[in-house]
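Let me begin by presenting the structure, written as structure tokens, before commenting on it.
The values are calculated or read from the model by the stated rules, or taken from the named source; none is laboratory data. These figures come from a predicted structure and were not determined experimentally. All Cβ positions, glycine included, derive from the backbone under ideal geometry; neighbour counts span all protein chains shown.
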Amino acid sequence: MQPDRTPATIPADARRRFLNALRRALPEGALLTEAEELHPYECDGLSAYRQVPMAVALPDTLAQLQQVVRICHHHDIPVVARGAGTGLSGGAYPLEDGIILSLARFNRILDIDPANRLATVEPGVRNLAISEAAEPYGLYYAPDPSSQIACSIGGNVAENSGGVHCLKYGLTVNNVRQVKIVTADGELVTLGAETFDGPGYDLLALINGSEGMLGIIVEITVLLRPRAARTTVLLAPFDDIARAGDAVAAIIAAGVVPAGLEMMDKLTLEAAEAFVHAGYPTDAEALLICELDGSDIDVDAETVAVKKILHDAGASDIRVADDAAERARFWAGRKAAFPAVGRIAPDYYCMDGTIPRRHLGKVLERIGQLSGQYGLTVGNVFHAGDGNLHPLILFDANQPGELEKAERFGGDILEACIEVGGTITGEHGVGIEKLDQMCSQFDSAELTQFHAVKAAFDPKGILNPGKGVPTLHRCAEFGMMHVHHGELPFPELPRF
Amino acid sequence: MQNNDIEKQLQEQVKDAAAAGEPLRIRGGDSRAFLGRAVVAPRMLDTRDHSGIVLYEPSELAITVRGGTPLRALIDALAAEHQELPFEPPSFGDESTIGGAVASGLAGPRRPWNGAVRDALLGVKLVNGKGEVLQFGGQVMKNVAGYDLSRPMAGAHGTLGLLLEVSLKLKPLPPASVTLVREEEKHAALETMRRLYQRPGNLSGVAWIDGLLHLRLEGYPEAIEARAAELGGERLDDADGFWRSLNDQTHPFFSGDKPLWRLVVKPASGDIDPPGEELIDWIGGQRWIRSDEIPLALRRLAASHGGHATRFRGATEIDSPFHPLEPGLMALHRNLKRALDPQGLFNPGRMYEGL
Ligand SMILES: Cc1cc2nc3c(=O)[nH]c(=O)nc-3n(C[C@H](O)[C@H](O)[C@H](O)COP(=O)(O)OP(=O)(O)OC[C@H]3O[C@@H](n4cnc5c(N)ncnc54)[C@H](O)[C@@H]3O)c2cc1C
């Protein structure tokens, strides 16, 4: 997996001039160029892939940041923005002929406006820090990726991240009101507004999930929500995973929108139980975690309704947590699912497909078959309510060929998601990881349209080039093995 | 509901227009034609024969529907499954189509609680200015593959592409609904709104007009009874009629010739002291104003409360009814328009000169 581009060779004197210009624009210690300083920036959460960047810039003020971008623009040097580096698709993977622009020092909470339920923050602020700052007002920021203690809000916007509460409260894009971006040529532009809508095109929606390829996000205003009066979490074990899937569909069909609706299969629930002792029944084949929130009466009514549905679907021993401590315990296993699985295998590879809920059973079955075919074990945790699967493929990178095998397995899972009308990524982004699968999900006209949009924002192509959208060339190579909408893709391109 | 697929013909019409280099005015029901600048184009493209449901699985809380589908028929089809569009689009007359409703980006009284049009827009199939049929997003709730070219179609007034199909997120119909009316003068009402914005709980509409605060409550019957007892007020008999008259602008406030302005401001802005009669919706976030005041004054007023002003209806000549954009932002708009519609075929100038 590599960015879809050929790195430029930069003559030594051009490189020196460029770095000197950056050095003049930045305060002491804000430009890293030595090998040992660059080392921590070699990779993001997709850690199997590493690359040392030419330099790392750590501006502290907007003026410095704009100057850095202008210098890169002038010298045609790629800029890879980096928040906390927890991304799972290689979005912040460095380019050898480019710099990492770290937003780490932009970590100030600028304003909490409780009356309008808004928080204005810098991009390097951690996701959880926003809710902590809003807590005294009884407010919180709803999207809660599992990485929320570490990931930055700028990274969340750039990936349009989700979390376990997105089913009811929406993704990042639904909870951000306004962002300020620095464009590829260093201009500051405001997108969206602090109000319920903004004038002109919804460029705010476009910047969400744009993976650092359309602009550098330098300020974000998010919507805060009042804490619900009551929250209840139900834990429902099933002895058959397909039945758990049916229960999910039945809950949604009954008109209940839970605050969270998550599923874990046997492998992941056992691993989680062994890791955090959440009290999960390890004899179950699948576990549903359902959170309901609202007024006392709402929660009572929904609890009755959901319990009945779960029972009818075959859940054996449903438990209800009402107090904060038990709720936290029920959630602890789910939130620690990735690291828990990390303990039972040398390596794991986390996938991120989304499918229409009704195809859950079919896709899980297909994943099971593939697991047998590849001889690799897979665990499944997912945001069941919104059909977002996170199959975790277990492997050992020290065994020659296993990483490649795990990647091929993962690719096949994503193809299965596309086949049932789903998508190759629900929340982790394309980065460098899913460039090939983009060729399956989109045809050449669509990909060409994406490239045109990129050029509309970044004509020189300096912002995170080679990520997110594959070139038609790459797809033509990859496409030899793949068929899109039942037709051979890219019929107009030569085959190699 | 008519089920009629004329995708190929519509695509041909765009291709022909592209070959001839002649812009198109896109029309659905034309119920929203009053909004925006007049489009002068040699060709017209009518979407109304492209109608019907493409895919609707009620348990998925999502639907894919053709752009020319009448809004009324769609709402009825959803109601039959006890579901509705979360953004409560206005219908200006019986002719509105879903394509027009999405393109105009207008949301009804429940916007503060259930989101805008773009929040429900999961995917689109469109024809771009090169005459290509493209698909972005889909029916799934989460999708970050490629740039999000679906949501920007909401509120683009057809200037970025011809919407063939839209995929929308749905919500269940509330089990019960009650509207309370309380006599409150404007300042008190704004104070109430400010307080209620902080508190969750069963609200789905808060509007003030003529000394009356209207509170719509939705949810389980026991929950809204409890909340109604807490809030107090008279129950409104024809509650649906009231909210519809507000949304569809058939309420007497909207009659007459005086220009109608829509100011979107931060909800807790308090009394913005507008130069004319005022109807307050969206729990303080949307202010309808009847005023002859010069556009600049209303734009400044909205901006001073963090928002923007649109001249919604009214005769006076004006650059654009929409709020002017900063130069840097306008440059991005022009570039995006060119990326999707290089020859400027679709609804030229509908929003702003040159877009
Ligand atoms: C254990 C674990 C659990 C996770 N759980 C979830 C989850 O539940 N849901 C979920 O959605 N994700 C999850 N993630 C993925 C990841 O945390 C998110 O994608 C997160 O939003 C990345 O934020 P970051 O600050 O680390 O961004 P980075 O990794 O630094 O960057 C991500 C991308 O955003 C760009 N970027 C970063 N900052 C900016 C900026 N200011 N302006 C422009 N572009 C920028 C980068 O160039 C890159 O393309 C998880 C990751 C881990 C390791």
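Values for this structure:
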quantity: Tally, over segment B:118-168, of residues that are more than 7 Å from every other protein chain (Cβ to nearest Cβ) and small (Gly, Ala, Ser); calculated: 9
quantity: Extreme residue, nearest to the ligand (Cβ to nearest atom), among residues of segment A:86-115 that are surrounded by fewer than 24 Cβ atoms within 10 Å (Cβ to Cβ) and within 14 Å of another protein chain (Cβ to nearest Cβ); calculated: A:88
quantity: Residue under evaluation residue A:271, criteria (1) within 25 Å of the chain's Cα centre (by Cα); (2) away from chain B (no Cβ under 14 Å); (3) under 20 Å from residue A:320 (Cβ atoms), criterion not met; calculated: (3)
quantity: Top-ranked residue in segment B:205-245 [being of a type in the set (Asp, Glu) and away from chain A (no Cβ under 12 Å); ranked as farthest from residue A:300 (Cα to Cα)]; calculated: B:210
quantity: Selection status of residue A:412, in contact with a helix residue (DSSP H, G or I) (Cβ under 8 Å, 6 or more places away or on another chain), in contact (Cβ under 8 Å) with a residue 60 or more places away in the chain and within 25 Å of residue A:269 (Cβ to Cβ); calculated: no
quantity: Per-region count, segment A:317-336, residues within 16 Å of the ligand (Cβ to nearest atom) and either touching a helix residue (DSSP H, G or I) at 6+ places or on another chain (Cβ under 6 Å) or outside any helix (DSSP H, G or I) (or both); calculated: 3
quantity: From the options A:460, A:434, A:454, residue that is within 8 Å of chain B (Cβ to nearest Cβ), in contact (Cβ under 8 Å) with a residue 40 or more places away in the chain and more than 29 Å from residue A:377 (Cα to Cα); calculated: A:454
quantity: Options A:332, A:345, A:337; residue that is among the small types (Gly, Ala, Ser), under 25 Å from residue B:143 (Cβ atoms) and under 24 Å from the mean Cα position of the chain (by Cα); calculated: A:337
quantity: Among residues of segment A:170-194, those that are at positive phi and β-branched (Val, Ile, Thr), counted; calculated: 0
quantity: Residue A:60 being more than 15 Å from the ligand (Cβ to nearest atom) and farther than 15 Å from residue A:462 by Cβ; calculated: no
quantity: Residue A:162 being on the phi > 0 side of the Ramachandran plot and either modelled with pLDDT under 95 or of a type in the set (Gly, Ala, Ser) (or both); calculated: no
quantity: Within segment A:420-437, considering residues that are outside any loop (DSSP other than H, G, I, E, B) and either away from the ligand (no atom under 16 Å from the Cβ) or surrounded by fewer than 24 Cβ atoms within 10 Å (Cβ to Cβ) (or both), the one farthest from the chain's Cα centre (by Cα); calculated: A:436
quantity: Selection status of residue A:48, modelled with pLDDT under 95, over 15 Å from residue A:181 (Cβ atoms) and either more than 11 Å from the ligand (Cβ to nearest atom) or polar (S, T, N, Q) (or both); calculated: yes
quantity: Long-range neighbours under 9 Å by Cβ, at least six apart or interchain, first residue closer than 13 Å to residue A:98 by Cβ within segment A:40-60, second part of a helix (DSSP H, G or I) and of a type in the set (S, T, N, Q); calculated: A:57/A:64
quantity: Cβ-Cβ under 7 Å pairs, at least 6 apart or on other chains, segment A:202-219 side within 15 Å of residue A:176 (Cβ to Cβ) and in the same structural domain as residue A:432 (by TED's automatic domain parsing), far side acidic (Asp, Glu) and not in a strand (DSSP E or B); calculated: none
quantity: Number of the condition not met by residue A:452 [criteria: (1) in contact with a helix residue (DSSP H, G or I) (Cβ under 6 Å, 6 or more places away or on another chain); (2) away from the ligand (no atom under 16 Å from the Cβ); (3) part of a loop (DSSP other than H, G, I, E, B); (4) modelled with pLDDT of 95 or more]; calculated: (3)
quantity: Filter pass, residue B:179 being in contact with a strand residue (DSSP E or B) (Cβ under 6 Å, 6 or more places away or on another chain), touching a residue at least 24 places away in the same chain (Cβ under 8 Å), more than 23 Å from residue B:5 (Cβ to Cβ) and not in a strand (DSSP E or B); calculated: no
quantity: Selection status of residue B:196, away from every other protein chain (no Cβ under 14 Å), surrounded by fewer than 22 Cβ atoms within 10 Å (Cβ to Cβ) and not aromatic (Phe, Trp, Tyr); calculated: no
quantity: Residue B:314 crowded, with 16+ Cβ neighbours inside 10 Å, out of contact with any Asp or Glu (no Cβ under 8 Å at 6 or more places or on another chain) and more than 13 Å from chain A (Cβ to nearest Cβ); calculated: no
quantity: Test: residue B:263 is of a type in the set (A, V, I, L, M, F, W, C) and out of contact with any strand residue (DSSP E or B) (no Cβ under 7 Å at 6 or more places or on another chain); calculated: no
quantity: Residues within segment A:359-382 that are buried (at least 18 other Cβ atoms within 10 Å of the Cβ) and charged (D, E, K, R), tallied; calculated: 1
quantity: Single residue of A:82, A:70 found to be more than 8 Å from the ligand (Cβ to nearest atom) and either modelled with pLDDT under 95 or among the basic types (Lys, Arg) (or both); calculated: A:70
quantity: Residues being among the aromatic types (Phe, Trp, Tyr) and at the interface with chain B (Cβ under 7 Å from one of its Cβ atoms) - total across segment A:349-364; calculated: 0
quantity: Residues of segment B:134-166 classified as under 24 Å from residue A:429 (Cα atoms) and aliphatic (A, V, I, L, M), total; calculated: 9
quantity: Segment A:132-155: number of residues that are away from chain B (no Cβ under 13 Å) and within 15 Å of the ligand (Cβ to nearest atom); calculated: 11
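Here's the yes/no breakdown for (1) farther than 30 Å from residue A:46 by Cβ; (2) small (Gly, Ala, Ser); (3) surrounded by fewer than 17 Cβ atoms within 10 Å (Cβ to Cβ):
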| residue | (1), (2), (3) |
| --- | --- |
| A:263 | no, no, no |
| A:312 | yes, no, yes |
| A:328 | no, yes, yes |
| A:331 | no, no, no |
| A:339 | no, no, yes |
| A:346 | no, no, yes |
